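So the structure is just underneath, and the comments pick up after that.
FYI, it's all coordinate maths here, none of it is from the lab. What you are looking at is a predicted structure, and each value in this text was computed from that prediction instead of being measured. Reconstructed Cβ throughout: ideal geometry from the backbone, glycine too, with neighbour counts over all protein chains shown.
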Amino acid sequence: MKEDMQVRNLSPHTQDSYLRQVSQFARYFGKSPDQLGPEHIRTYQIYLTNEKKLAPASIHIAIAALRFFYKVTLKKDWIFQEILPLPKKPQKLPLILSPEEVLHFLPCVHQLNHRVILTTCYAAGVRISEAVRLKAPAIDSQRMVIRVEQGKGQKDRYVMLSPRLLEILRDYWKATRPKDWLFPGDQPGHPISRNTVEHACMKAHQASGLTKPVTPHSLRHALPSPSTCSNPAPMSGPFNCFLVIVAWQRRHATCGSPPPKSVPPPVHSTCCHIRRRSNQSRLNQNTSDG
């Protein structure tokens, strides 16, 4: 199973998660998983739902791991939607922090690197796993973007960089002078772990006295709208790409200096490329018709 995941280039995190889920499934029955069938799978799903009382999202991970094991590794020709059904996820809206609550919370994070990481999650809309793995060259002050390398889904992308966040990152760099990773961890050559930052966030939340839940991910959800001249989160779709361009233009206008003509606004999603190719195709078609 591990080799099957490696040849498909699944992320190390996904590989560890799938192996852990299949191991827990096998330990529950005390048998090798290749000796277990649909009736065992149904019993295990009922156990996860009724006894362990796992959330649907957690059960989804277990089912995804078992589907991979039986479909890819053991090559079973089952109807997996019937044998391994996915529980319906409730649609919930996150509790969003107001800008005032964020400003109240961040000073409660005492350690400088933890505070800068959480500020980056908020101001750039990046995930905690992406923020902790940033490197100094990823901060592009000329184009005012941050390059996120191999984020979720092993995809590269750009996110907006506000002048205020750039100032915070520069002050942090001058104070710490990191060599490789922008936020190095205790182990040489490795970035700080996300668990360390999440623990610091939890302590700061307790000290802040806020009633709303505060996590690195909720800070990402609290990203201000483009009208506040901050950084919109990575978006997709023509309308959202339009918001990205507007925010980029507003930021330069607010800062008092027009954007250089030689520096185009950053592209946040493939829809920009699709529209450009479509427009070029129509132009070529019109030219040939004329």
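How about K89: which lysines have a C-alpha closer than 24 Å to its C-alpha, ignoring those fewer than 8 places off in the same chain?
Once the sequence-local lysines are set aside, what remains near K89 is K52, K53, K71, K152, K212.
Between R27 and A136, what length in nm is gained on full extension when 0.36 nm per residue of separation is reduced by their alpha carbon distance?
34.8 nm
Near K155, which lysines are there with a Cα under 21 Å away, not counting those fewer than 8 places off in the same chain?
K135
Putting +1 on Lys and Arg Cβ atoms and -1 on Asp and Glu Cβ atoms, find which of A65, Q35, P99 reaches farthest to the positive end of the dipole of the stretch 30-102.
Q35
Which order, highest average first, do 21-27, 61-67, 149-155 follow once you tally other Cβ atoms within 10 Å for each residue and take the mean per peptide?
Details: 21-27: 16.1, 61-67: 19.9, 149-155: 11.9.
By packing density, highest mean first, the sequence is 61-67, 21-27, 149-155.
Measuring from the lowest to the highest alpha carbon on each principal axis, how far does the stretch 1-102 reach, largest first, in angstroms?
56, 33, 25
Quick check on packing: order 75-82, 208-215 by the mean number of other C-beta atoms within 10 Å, highest mean leading.
With the highest mean Cβ count within 10 Å placed first, the list reads 208-215, 75-82.
Could you give the length gained on full extension between T49 and T73, defined as 0.36 nm per residue of separation minus the Cα-Cα distance, in nm? Don't skip to the end; give the middle numbers.
Details: separation 24, 0.36 × 24 = 8.64 nm, distance 2.56 nm.
Taking T49 through T73 to full extension adds about 6.1 nm, to one decimal.
Return, ordered by residue number, the residues of the stretch 128-171 whose backbone nitrogen is under 19 Å from a label point located 7 Å along Cα→Cβ of R177.
Within reach of a label on R177: 136-137, 169-171.
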